[in-house]
1. Any chance the range 8-25 includes a residue that's loosely packed, with under 14 Cβ neighbours inside 10 Å, part of a strand (DSSP E or B), touching a residue at least 60 places away in the same chain (Cβ under 8 Å) and under 10 Å from the mean Cα position of the chain (by Cα)?
2. Of all residues in the range 31-46 being modelled with pLDDT under 95 and not in a helix (DSSP H, G or I), which is most open to solvent (accessible area, probe 1.4 Å)?
Amino acid sequence: MEMNVQTIYQPHPLTAQGRQNLGVLWEEGRTLREHLIAAGIDLHREVVIFHNSRLLTVSEWDIVCPVPGDLINVEATVSGGDDG
């Protein structure tokens, strides 16, 4: 039986445009960063990541290992801008 980790990716920071609900195959011991790369999510973009509703720090991306039943939310953030 395949086991997935529910992963929601919202690539647009202000709208639901492009929102994807991904059922990513679970792999034991795979870190959150590895999980998201396997899902095809570009982590070079500015994003915030929630693991079961808890906001993660970037350093936690290489420590947390999601398991089936977890919910991962990846949301693009607004960045840049020039005040000058």
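1. No.
2. HIS44
The values are calculated or read from the model by the stated rules, or taken from the named source; none is laboratory data. Just so it is clear, the structure is predicted and the values come from calculations on it, not from any experiment. As a convention, Cβ positions derive from the backbone with ideal geometry for all residues, glycine included, and neighbour counts pool all protein chains shown. For accessibility, only protein heavy atoms count, side chains too; no ligands or nucleic acids. Shrake-Rupley method; radii C 1.70, N 1.55, O 1.52, S 1.80 Å.
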